[in-house]
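The values are calculated or read from the model by the stated rules, or taken from the named source; none is laboratory data. As the structure is a computational prediction, the values presented were derived from the model and not from experiment. As a convention, Cβ positions derive from the backbone with ideal geometry for all residues, glycine included, and neighbour counts pool all protein chains shown.
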Amino acid sequence: MANSSISGIISGLDTDSIISQLTSLRRAPQIRMQARKTALQKKLEAWDGLKQQLSSLKSAAAALSQAATFRRSTATSSDTALVTVAASPEAAPGTYHLTVLATAQAHQVKSQGYADTGAAVLGTGTITIQVGSGTPGTIVIDETNNSLAGLRDAINRAGLGVTASIVNDGDATHPYRLVVTSDTTGETNQITITADLTGGTAPTFTTLQEARNASIRLGEGAGAMLVSKPSNNVTDVIPGVTLNLVSADENKRVMVNVARDTNSIGAAVQELVNSYNALVDNINSQGKYDPETQQGGTLLGDASLLLIQDEIQRVLDQVMPGVAQGMNTISNVGLTVGSDGKLQYDSARLTSALKENPTAVMRLFANYGETADPRVKYIGCTTETVASGAAGYSVHITQVATRSRITAGVAQTEALAGDEQLTINGTTILLTSGMTQADVIAAINAKSSLTGVIARATGADGTGEGNYLTLEASQYGSAYTLSVVSNMSNGGAMPVGNRTGIGSMLVTESDAAGEAGTGSGARGVNVAGTINGEPATGSGQILTGKVGNATTSGLMLQITSQTTGAHGSVVFTRGVGGELERIIQAAIEGAESTVEQARSSVQAEIDALTEEMKLADERLAALQERLRAQFTAMESTLSRLQNQSLQLAQQIASLSGQKSSTRGM
């Protein structure tokens, strides 16, 4: 058999030992290859660990590359029992004094008392509920729901902007009352309930709680302002600050303080420091030589590692162009490199710099675009966008963005003669008899969040002022389309002015003529133009440099202008965070990145060694088989010779015996 032990049965030789000694000399190159493979695998693991550290640093840098990180604000209230506050990035630092004179409350109405909640006592017919100037909603009352509880449930299912409940006032004979509460606070959101029922005892409603606006006094003394708001959630008194009015006390003044959120900025900087220092530790362990142990790190002298290290250090050492003197290096804001190569962070210095010149600190770290034309706004960039230099990138617009539009073919010159139903982008809007065009527009705009449509009154061509109902997409660009149809005719060839004018034929922005044949419309278009003379793509009002552009790839601008032509320039700079993010991404992402190239080179060498070791093993196995075959043949020959020797000895002995017998006769 191929691997059986022969061990010199005839020869007495230890052939297994002899074969092992003969082949061990041939195994020396494989041992060296295995050692090399182990070293390469450690190198691959070292690159994997380094990539993970670089990825962490990239994430920390990306947070600092966003201008929004430096625009965060905090707001505090001196008395949260009266007012709680929250700040958006647009909030301007400052201190404001206010007094809550009254909180907003919702209108509540109550019915007369009933003896039972489940008895069918209301009669049958309809009940109409309207909140403020909103669209009235009608509930059908029949034998299935003509009890107090049935009416409550029907109201709550109808989604009419009110909530119904039943209360027990303790009356001896008729304790149960239906209470209806507006879901919206404020004086203009009063509830109107009209019952048109036959038989039974129809509910009649009286006010339980008056609708009331919130009342705030902003400031003190003769110059104080009185502010009235329909909601206790007030967003438009102090810019960027939301006031939540909890309770009122005209004798207590509340101080609202808005400040820049230096804590979150400091936390983002600290994360950058931590990630960088962890990377330094990794590089030191992998790329340094220890004179005491006389051992080098796994990546000692690796050119790719040195390149990455130098690139990162260059960013940290640079003077940021376009940033105010004294704020244009990281050392100016509390970041210095110690003797161990790690970043040291002075949080007090950063806080001081943020108070002194917050915009400069933002520009030191973040990607930033400054435009010359107020109708051009910097939105963002990618790691492919190149810093522009002081001259900036010119912006030229060849097409302004528009919104999709439909204008009714017939003007509404009178109040609606009857109820009408519009279906706009799949959403139904109920209009009631007697509505003026202003009422119709208000009802449509109340549903804008569902339809994506804004209504206004224009001329027949959708411009200027007039009595034609115009619907526009709330967003700019060709991606936003419109469709609308009414359940009522607009008169067609004989137009009537007491309808919305849309007509009973479905119309779209591309096919807007409609029932009367006189409607108009237009599909929205995207902005078009160039940035720095390079092609750009438009999506609504957003103009983005095309991928692959030499300088403006990924540069995003919002164009709100309504005219074509030159629109000044945008000066784009990369802060420390943005530049670190860019170079690390180039180092670790994609098959052509520095790290992946290094890993691929190591892996290719490992694969080649693995194949070479496999071939060497096969050659050694073949040698062992040849040696075993040779020793087997030798043993076989010796065995044959031994047998022949025994046979000859036997024959000689036999002949000698025969001669002895002959002599004795």
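Looking at segment 227-259 only, could you name the residues that are more than 12 Å from residue 103 (Cβ to Cβ), in contact with a strand residue (DSSP E or B) (Cβ under 6 Å, 6 or more places away or on another chain) and either buried (at least 19 other Cβ atoms within 10 Å of the Cβ) or of a type outside the set (Gly, Ala, Ser) (or both)?
Selection gives 227, 235, 237, 238, 241, 242, 253, 254, 255, 256, 257, 258.
Sort out for me the strands (runs of 3 or more DSSP E) sitting completely within segment 502-618 that have 1 or more residues that are more than 35 Å from the chain's Cα centre (by Cα).
Because the criterion is at least 1 residues that are more than 35 Å from the chain's Cα centre (by Cα), the strands (runs of 3 or more DSSP E) in segment 502-618 that meet it are 520-522.
Could you please give the count of residues in segment 125-183 that are of a type in the set (Asp, Glu) and part of a strand (DSSP E or B)?
Residues meeting the conditions: 0.
Residues that are among the β-branched types (Val, Ile, Thr): which strands (runs of 3 or more DSSP E) entirely in segment 327-415 hold 3 or more of them?
393-399
Would you confirm whether or not segment 339-353 contains a residue that is touching a residue at least 60 places away in the same chain (Cβ under 8 Å), exposed (fewer than 14 other Cβ atoms within 10 Å of the Cβ) and closer than 20 Å to residue 385 by Cα?
no
Being assigned to a helix (DSSP H, G or I), touching a Leu at 6+ places or on another chain (Cβ under 6 Å) and either at pLDDT 80 or above or over 22 Å from residue 305 (Cβ atoms) (or both), is that true of even one residue in segment 645-663?
The answer is no; no qualifying residue exists.
How many residues are surrounded by 17 or more Cβ atoms within 10 Å (Cβ to Cβ), touching a Pro at 6+ places or on another chain (Cβ under 7 Å) and of a type in the set (S, T, N, Q) when one looks only at segment 101-156?
2
For segment 122-143, does any single residue satisfy the condition of being over 21 Å from residue 432 (Cα atoms) and aliphatic (A, V, I, L, M)?
yes
Could you list all residues from segment 354-369 that are of a type in the set (Val, Ile, Thr) and buried (at least 16 other Cβ atoms within 10 Å of the Cβ)?
Within segment 354-369, 361 is the sole residue that qualifies.
Checking the conditions here, which among 463, 413, 427 is in contact (Cβ under 8 Å) with a residue 40 or more places away in the chain and in the same structural domain as residue 487 (by TED's automatic domain parsing)?
Answer to the check: 413.
Would you be able to say whether some residue in segment 502-512 is crowded, with 17+ Cβ neighbours inside 10 Å, outside the structural domain of residue 565 (by TED's automatic domain parsing), over 30 Å from residue 399 (Cβ atoms) and β-branched (Val, Ile, Thr)?
The answer is no; no qualifying residue exists.
Consider residue 215 against the criteria (1) under 30 Å from residue 365 (Cα atoms); (2) surrounded by 17 or more Cβ atoms within 10 Å (Cβ to Cβ): it satisfies all of them except one. Which criterion is unmet?
Just one mismatch for residue 215, condition (1).
Go through segment 486-512 and report how many residues are of a type in the set (A, V, I, L, M, F, W, C), free of Cβ contacts under 8 Å to residues at least 60 places away in the same chain and farther than 18 Å from residue 444 by Cβ.
Qualifying residue count for the region: 3.
Look through segment 232-249, keep the residues that are of a type outside the set (Val, Ile, Thr) and at pLDDT below 95, and return whichever of them is nearest to residue 186 (Cα to Cα).
Checking each candidate, the answer is 236.
If a residue must be modelled with pLDDT of 70 or more and small (Gly, Ala, Ser), how many such residues does segment 1-37 contain?
5
Just checking, how many residues over segment 129-152 are in contact (Cβ under 8 Å) with a residue 60 or more places away in the chain and of a type in the set (Lys, Arg)?
Residues meeting the conditions: 0.
Taking interchain pairs and intrachain pairs at least six residues apart, which have beta carbon atoms under 8 angstrom, with the first residue in segment 21-40 and within 26 Å of residue 601 (Cβ to Cβ) and the second polar (S, T, N, Q)?
37/610; 39/298
For residues that are assigned to a helix (DSSP H, G or I) and either more than 28 Å from residue 335 (Cα to Cα) or of a type in the set (Ser, Thr, Tyr) (or both), scanning just segment 272-301, find the one that is nearest to the chain's Cα centre (by Cα).
Once the filter is applied, the top-ranked residue is 275.
For segment 536-557, give me each residue that is within 19 Å of residue 478 (Cα to Cα) and either among the charged types (D, E, K, R) or surrounded by fewer than 21 Cβ atoms within 10 Å (Cβ to Cβ) (or both).
537, 539, 542, 546, 556
Of the residues in segment 60-88, how many are in contact with a Lys or Arg (Cβ under 7 Å, 6 or more places away or on another chain), of a type in the set (Ser, Thr, Tyr) and under 19 Å from residue 216 (Cα atoms)?
0
Within segment 451-501, restricting attention to residues that are under 33 Å from the mean Cα position of the chain (by Cα), hydrophobic (A, V, I, L, M, F, W, C) and not in a strand (DSSP E or B), which residue is surrounded by the fewest Cβ atoms within 10 Å (Cβ to Cβ)?
For segment 451-501, the residue satisfying everything is 479.
Can you tell me how many residues in segment 204-224 are over 30 Å from residue 176 (Cα atoms) and within 40 Å of the chain's Cα centre (by Cα)?
Qualifying residue count for the region: 6.
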